1. State the number of residues belonging to the stretch 112-142 that are under 16 Å from residue 172 (Cβ atoms) and away from ligand 1 (no atom under 16 Å from the Cβ).
2. If you scan the stretch 195-212, which residues turn out to be more than 16 Å from ligand 2 (Cβ to nearest atom), in contact with a strand residue (DSSP E or B) (Cβ under 8 Å, 6 or more places away or on another chain) and farther than 24 Å from residue 153 by Cα?
3. Among the residues of the stretch 266-302, count how many are assigned to a loop (DSSP other than H, G, I, E, B), more than 11 Å from ligand 1 (Cβ to nearest atom), free of Cβ contacts under 8 Å to residues at least 60 places away in the same chain and touching a helix residue (DSSP H, G or I) at 6+ places or on another chain (Cβ under 8 Å).
4. Which one of these is at pLDDT 95 or above and either within 16 Å of ligand 2 (Cβ to nearest atom) or not in a helix (DSSP H, G or I) (or both): 339, 333, 322?
5. Residue 84 passes all but one of (1) part of a strand (DSSP E or B); (2) touching a residue at least 60 places away in the same chain (Cβ under 8 Å); which number fails?
6. Hey, residue 265 hits all of (1) under 20 Å from residue 196 (Cα atoms); (2) away from ligand 2 (no atom under 16 Å from the Cβ) but one; which does it fall short on?
7. Here are the criteria: (1) surrounded by fewer than 21 Cβ atoms within 10 Å (Cβ to Cβ); (2) under 23 Å from residue 257 (Cα atoms). Tell me which single one residue 167 does not satisfy.
Ligand code: GUN
Ligand code: ZN
């Protein structure tokens, strides 16, 4: 049996701290104990240390904050090479930048290389779990699953389904999409810490027959998720209305095919009205809020207040390459700015919940990760509070965990992520 302990400031949430303020646990001098890859204890040093078996190695980390790893609830691994690509709103950006980049993933060697870069960047930014789009190519999903399995990462992904309105080399068919998806589920779901998500790109690029097929696969596999885009950008919504004139709105297209349920995660939902948000909530579906992407692609300002009012479980996401950073800390800051433009002030502790436990809940992995409660898998970060001179100065003045989180959300990035652990094993150390 292996047991190790880390003495540092500790922070996590056991529930949404806006609903339950006592759900946030902060220990300025804390002790995290890890046994065989799982959390054995999390608490104040003075309380936990006396119970620690004598021979346990304790590492003392002054000026460091330990948190759970972040969960990115929506990200595209093949878009690493179009992050920070200039120009255009969603549909033009897809045509100009994304589709050409994704065409290269028919080549397994290219997919393998980008998968490694992608996982390196996630871990370097403190993201230990993600729900990821691949490309239409089966090999793209195989490359990512193989790379994540080798690193023992809790990752959920899926081959993209798109059988129309996409360029050559990026279309499947109803039958190849079905066969590839079924084969990938058989081969990868439940291996190591991997999960599968049926991934129709969005209503624009799938026929009714393909969306129906996705619904059939979802119904046949109760442990598989559904991952797609919804109501992101005005021109996209117009296009969906044109292509599906008999559906009352965008969400109705997915509802008609059995794609809206408790295992569904919809990226964006920026332009869902109150009625659509209530239908999402009633179905138990989750929204992934991607503030950086929504700003960069000019999509609009998601309303956390509306999601909250309607009861939609919402998590935070980068949407790389639409989003301009892999950092969930940065996303907390971007989410705050979106809130300011809407007149809603985002509590930093709530933002932290969105980046950790809410993501785990949306992905149905909250029994395993999302916080550092005893028994959970020990995916955690060591954050260096003085990674930059400005960060050192401002974190030294932060008196409350909310102040500390807000400074990190505005000023920190991968430079502050000193170490990332997966199941108690060091998976990334800052250079
Ligand atoms: N909608 C359909 N495909 C995409 C994509 O790749 N990125 C974003 N942000 N939205 C999409
Ligand atoms: Zn996306």
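The values are calculated or read from the model by the stated rules, or taken from the named source; none is laboratory data. Since the model is a prediction, treat every value here as computed from it, not as a measurement. Cβ atoms come from the backbone with ideal geometry, glycine included; neighbour counts cover every protein chain shown.
1. 3
2. Correct list: 210, 211.
3. So the answer is 5.
4. 322
5. With (1) part of a strand (DSSP E or B); (2) touching a residue at least 60 places away in the same chain (Cβ under 8 Å) applied to residue 84, the lone miss is (1).
6. (2)
7. Among (1) surrounded by fewer than 21 Cβ atoms within 10 Å (Cβ to Cβ); (2) under 23 Å from residue 257 (Cα atoms), the lone unmet condition for residue 167 is (2).
Quick grid of which residues meet (1) at pLDDT 95 or above; (2) out of contact with any strand residue (DSSP E or B) (no Cβ under 9 Å at 6 or more places or on another chain); (3) surrounded by fewer than 21 Cβ atoms within 10 Å (Cβ to Cβ); (4) under 28 Å from residue 312 (Cβ atoms):
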{"position": "356", "(1), (2), (3), (4)": "yes, no, no, yes"}
{"position": "367", "(1), (2), (3), (4)": "yes, yes, yes, yes"}
{"position": "377", "(1), (2), (3), (4)": "yes, no, no, yes"}
{"position": "421", "(1), (2), (3), (4)": "yes, no, no, no"}
